[in-house]
Structures are given as C-alpha cells and as structure tokens.
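Only one structure is covered here, and it is reproduced in the block below.
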Amino acid sequence: MKFKELAVYFQRLESTPKRLEMTDILAELFKKAAHDKKVNIEEIIYLSQGHLLPSFKNIEFQMSEKLLQKSIVLATDKPGKLVEDMFQKIGDYGKVVQNLSDIDSKNLSIADVYKKLTELSGFFGSGVVAKKTEYLGILLKSTTPLEAKYIVRIIMGKLRLGVGDPTHLDSLSFAYNGDKSLRKPLERAYNLCCDLGLVAKILFSEGIKRIEDFEVIVGCPIRMALAARLAGASEIIEKIGTCAVEAKYDGFRCQVHKIGNEIQVYSRNLENTTHMFPEIKEGTLVQIKNKNVIYEGEAIAYDPRTGECLPFQTTVQRKRKHGIESMRKQFPLKLFVFDMLYADVDITNKSYEQRREVMASVIGKGNVLEVSPARIVKTPQELENIFEESLLDGREGIVAKRLDGTYKAGGRNFNWIKLKSSYSGELNDTIDCVIVGYYFGKGLRASLGLGSLLTCVYDKKDEIFKTIAKIGSGLTDAELVKFRKMLETVKVKTKPAKVDSILEPDVWVEPKYVIEVQADEITRSPVHTCGKVHDKDPGYALRFPRTVDKIREDKDAEDATTVNEIINLFNMQGRKK
Ligand code: AMP
C-alpha cells in the first residue's frame, strides 16, 4: 500500500467532523491494510495516531520549527522568507509545505515512509542538525504535496485528524466483524497494554479469541484505574457496604514495572518517567524480590530532616528532566504503594483484598516503598472519623475501596470512591479543566498578555471538548506570565475542530494543558456548551471558578473531568450534608 493512499485517507478523516463517518473511513482503511500482505497494520495504526510507536515509548523527532523550515526550503527550492511568511499567516507547517511543493509522486510505500521516519527519529551525535534537515528535505522532495503535509505534521506532533481512541476501536471492530460488537474486548485489551498497534496486529493475525484472553504484559503500561466520587460517607457505605479506607495522598501516581532487574516508572498519562525518580528504581530493586512485578502508588516528596511529607507544589518539582540528583537530595521521595497488579502472574482479576495480601508479602523492608495503610469500615461514622484524621495528617481526603473490586484498567467506577476536603461551596472536589483559549484582559493583565482562560471538560461520547468556565481568579501575576508563555506554544489561528464553544476567546489554543479548578458550585448557563443538548437548552457552568496553581502535567486533555462527571456532581450537590 502506498503512503499516497494513506494520505488520502487522512485527508478524508480530517475533512469530516462526524464520528460515524470517521469510523467508516478508518474501518475501510484497516480492512484494506489487513488484506495487504506487504502492510504492517501496526505502522498504519501508529501513524494514524500521529506517532511511530505507542505514545508510552516517547519517540520524539526533536526538530525545531527552524530546522523544519530549512527542510521545507530544501524540498521546495523556495526562499526561507516565503516559508516563514506563509507560516506566520496560516500557522501550520503542514499546509505550508503542501502549498509550496509541486512534486510528482515517487510512489513511496507506507513501509518506506515509516522506515525513513524511524531513521530520522534515531539520528543523534555530532552534525545531527544538518543531517536531520537534509534527510527530511530529501524525503519531502520525493512525496506529493498531500503526503508532505502529513509527514510534516507527524514530525511536529500535530497530525490533528480529530480521531480519538474510541473511534479507532470501533473501526477495528467494523473492519474485522462488520459491526461494533467487538469494541468491548478490544477496549479491554487496549487498556491492558496501551498499544493499539499490538492489539490490531493480534486481532488480524491471531483472531478475536486471543484478544478476549488478553493478559497484562510486564513492560507495557496498564491504563490506570480511576476513582469515582460520591457526596459523603453515608452515600459511600450505601453504595459499596463494608469497605477499606486509605488516605488520599496528594503527589503523583506511579505505575512501576519490574522486569527482572529492569525498572520502568509510568505516570498517570503513561509517560515513561523512570529517569526522573532514581530512588523509586533503587527502592524497588531493594524491597522487591519477585522477578516480574507491576504495582502502583503515589509518590510524595518529604523533608529529609524531619521525615514530614511535603505539599504537592513541592513534590511536583521532582518532575523534571535536569538537575535530578541535587533535587533528589533536597526533596527525596517516598512511594505509598496502594495496589499490586502483577506478581509473577496477572492478578488484576483478583479482589482488592487478595491483591492487598499479595502486596503485603511482596513489598519488603526499606526506605522508599511503604504500603499505604488501609482500615476496614462498616459504618458512615467510622468512615467519617478516618476522613477527619486524614485531613489532620495533611492528606487530601480518603479513597474508599470495595473489598471484592477487581482492578479495572482504564475504568472509573465505584470500586474506588474518593472523598476530598470540602470548602465553602457546595462542590467538594476540584474539576480538571482543559484550557482551549485565553482573553487578553484589561489594565495590568492586558500588559501581562493574559487576563482570563477559557476552559473545557471532555465529552467522551462525542470525543469533543465543551466549555464550562471562563477563569480569571486565582492566578498571580507570575502565573499569568507563565501561562501566557506556555499557551504561546499551542496557539492556533482558528477554533480547534475538537472544541465546541459559543464563546470566542481572543486567542484559541490546542486542547493540551489541564489545570485543577475549584468552584463554589455547578450551575446551569446558556453560554457554556458542557451538557447542552439543544441550542435553546442551558449547559453547565462553574460558579466562581478559580485555579489552585496546579497544572496537571500528568493528565492529557482527554483525561480531564468529563461532561458526565459534571452532570453527576450537579445532581449530587443538593444531597450533600
Ligand atoms: P483524582 O486525581 O482527584 O481523580 O484522584 C484519584 C487519584 O488519587 C489517583 O489517580 C491517585 O493518583 C491518587 N491517590 C492518592 N492516594 C490514593 C490511594 N490511597 N489509592 C488510590 N489512589 C490514590
């Protein structure tokens, strides 16, 4: 199959906002690919996700805009000034190269382009800059304008087809079975390995039975289980009965894989963060004797003089690429281990109680890993007492866990229920919002370049971001400047296709950054699209929204709070004590 054909599929996908149409187009592509013996279906899957490998493998092209510009000049023989000016006007190097190139096809296959892109991503060492520029220039010289557009976008990490994982999964099911009926087992397998290319390869080469029997693979991150919310202690006991209660630690979640002597640490959004936390690697090797293990916990920085746990704003400083050793001395980490998923065998289908038992026997003595204490409670009062104790200990709240609950990869259900400290308003939890645009503001704020943020939550069903709040409060001047800089890197000329908004900010940005937002309550509002069904109906909005200086770097845009969660929280408000 030629890359030219793939580019046409990409163009068809890009030109429709309709999910069903996207599903049909992708299913047609997968079916065709599965019947072509020369095609590796994994390559098509990764490319259509905008990568070369599953995203947890962190492959980056490391090509700056300057380098890319040079490659486009080389490929099109057009002056640098023209390339630059056109980019300033349309804001997308993909379209720039498409407009300027007039090359006839060299008929490269998908495998050819995939191989060349893999080579490009692997260049390093002396002279790497010139090498990359030239290599990409030559590649772009041998592709049609449409192919060049998508190659450039993949390199920039901005493929922007508007197709999310759910559509990919539905399409695989349609391609294999002609209907949506395989979505569930495919999704389960995907949640267990986070590698859609692998799932597709197994489906088409070994059949659906192998997908239905899919097990955890040590070394492939498991999409993390999430906690649901309820209004209070009584609701929790009513829902899950006698349960285990653990403190809710406010650090960052780590999923640790031990494969013999090799350790990998994954963040909440499945980024490989192993190099950032050397003590987790060392602690795991010292405290765990089993050969192959996967466990999860919350990492928190502590004061080495007093042993006291430090707040999130300090802990988060440990998420860095440089200066790791000195930071480690200043703010060492402790890892509160709260779940075990694999201990030489897959135990995700065992109950919470059974997994805790395994955990207690696997985690040995040491200074880094500490099993998160859990207490069994039968009544709302007992739960309330532990909740209060937790807050006094400086924790965020508690997580109640269903005793017979299995580990549901990627699921937010009532196996885990979080309860956080409440503040003045009706809403006893923060909301994770995605920034989709900003306003310049007035006076001093205008001089800082940013006055307020337009934010969204995620509509999982329609794979679209819906607005919920315009936020101006809670941001210090320094933060306004920081946000402005951060958002500058993702600003776009027009409203992103994946955003549904009535409001029109001064600047639109790609949905990427997630921030934690506090609000007094959720209200109905005609100006926001969250939960809006018909144009004349009101949507949902946050009342008195303010940021709490917490950028959720561990969350991707699609991990933000969902529209359904907002509707549940709205319905819960009246029932709170
Ligand atoms: P939230 O991020 O507010 O949805 O809360 C869920 C998060 O709480 C999880 O993703 C974990 O990172 C964190 N957490 C802290 N302590 C625990 C615990 N004992 N059990 C499970 N999750 C915990």
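Coordinate-derived values only; no laboratory data. A quick note: this is a predicted structure, and the numbers were derived from the prediction, not measured. All Cβ positions, glycine included, derive from the backbone under ideal geometry; neighbour counts span all protein chains shown.
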Q: Report the one residue of S234, T167, T379 whose Cα lies farthest in the direction of the positive end of the charge dipole of the chain (charges on C-beta: Lys and Arg +1, Asp and Glu -1; origin at the Cα centre).
A: T167
Q: Place +1 on the Cβ of every Lys and Arg and -1 on the Cβ of every Asp and Glu in the stretch 3-156, take the dipole about the Cα centre, and give the residue among F30, I151, V8 whose Cα lies farthest towards its positive end.
A: I151
(Q) A 19 angstrom limit on the alpha carbon distance is what I want to check against. Which of K248/K329; K180/K460; K258/K319; K460/K532; K66/K158; K289/K319 exceed it? (A) K248/K329; K258/K319; K289/K319
Q.
I'd like to know which of F483, A247, L182 lies farthest towards the positive end of the charge dipole of the chain, counting +1 on Cβ of Lys and Arg and -1 on Cβ of Asp and Glu.
A. F483
Q. What size of dipole, in debye to the nearest 20, comes out for the stretch 226-420 about its Cα centre when the only charges are +1 on Lys and Arg C-beta atoms and -1 on Asp and Glu C-beta atoms?
A. 500
Q: Can you grab the distance from the C-alpha centre of the stretch 310-387 to the C-alpha centre of the stretch 97-140, Å, no decimals?
A: 45
Q: Taking H placed 1.01 Å from N in the peptide plane, check which residues at least 5 places from N413 or on another chain put their amide H under 5 Å from its amide H.
A: L226, A228
Q: Please list, or write none, the lysines whose alpha carbon is within less than 18 Å of the alpha carbon of K350, excluding same-chain residues fewer than 8 places away.
A: K401, K408
Q. Normalized C-alpha radius of gyration of the chain, against 2.2 N^0.38 Å?
A. 1.00
Q. Per the chain: cysteines with no other Cys C-beta under 4.7 angstrom?
A. C194, C243, C254, C309, C433, C456, C530
Q) How would you rank K420, K466, going from fewest to most other Cβ atoms within 10 Å of each one's own Cβ? A) K420, K466
Q | In the stretch 290-368, trypsin sites (Lys or Arg not before Pro) in a DSSP loop with at most 14 other beta-carbon atoms within 10 Å | A | K291, R305, R320, K321, K365
Q) Using a simple charge model, +1 on the beta-carbon of Lys and Arg, -1 on the beta-carbon of Asp and Glu, nothing else, what dipole does the chain show about its Cα centre, in debye to the nearest 20? A) 800
Q) Is the shape of the stretch 173-269 rounded, prolate or oblate, going by the alpha carbon gyration tensor and its root eigenvalues a ≥ b ≥ c, with a/c under 1.5 for rounded and a/b larger than b/c for prolate? A) oblate
Q | Residue-by-residue Karplus 3J(HN,Hα) for the stretch 294-305, coefficients 6.51, -1.76, 1.60, Hz, glycine and proline x | A | 10, 9, 10, x, 10, 8, 9, 6, 10, 7, x, 7
(Q) Apply the Karplus curve 6.51 cos²θ - 1.76 cosθ + 1.60, θ = phi - 60°, to the phi angles in the stretch 398-407 and return the couplings in whole Hz, x for Gly and Pro. (A) 9, 10, 8, 10, 5, 5, 9, x, 7, 8
**Q.** Shape call, the stretch 226-420: gyration tensor on alpha carbons, a/c limit 1.5
**A.** oblate
Q. Ratio of Rg to Rh for the stretch 14-143, alpha carbon only, Kirkwood?
A. 0.99
Q: Give, rounded to the nearest 20 debye, the magnitude of the charge dipole that the stretch 33-72 has about its Cα centre when Lys and Arg contribute +1 at Cβ and Asp and Glu contribute -1 at Cβ.
A: 120
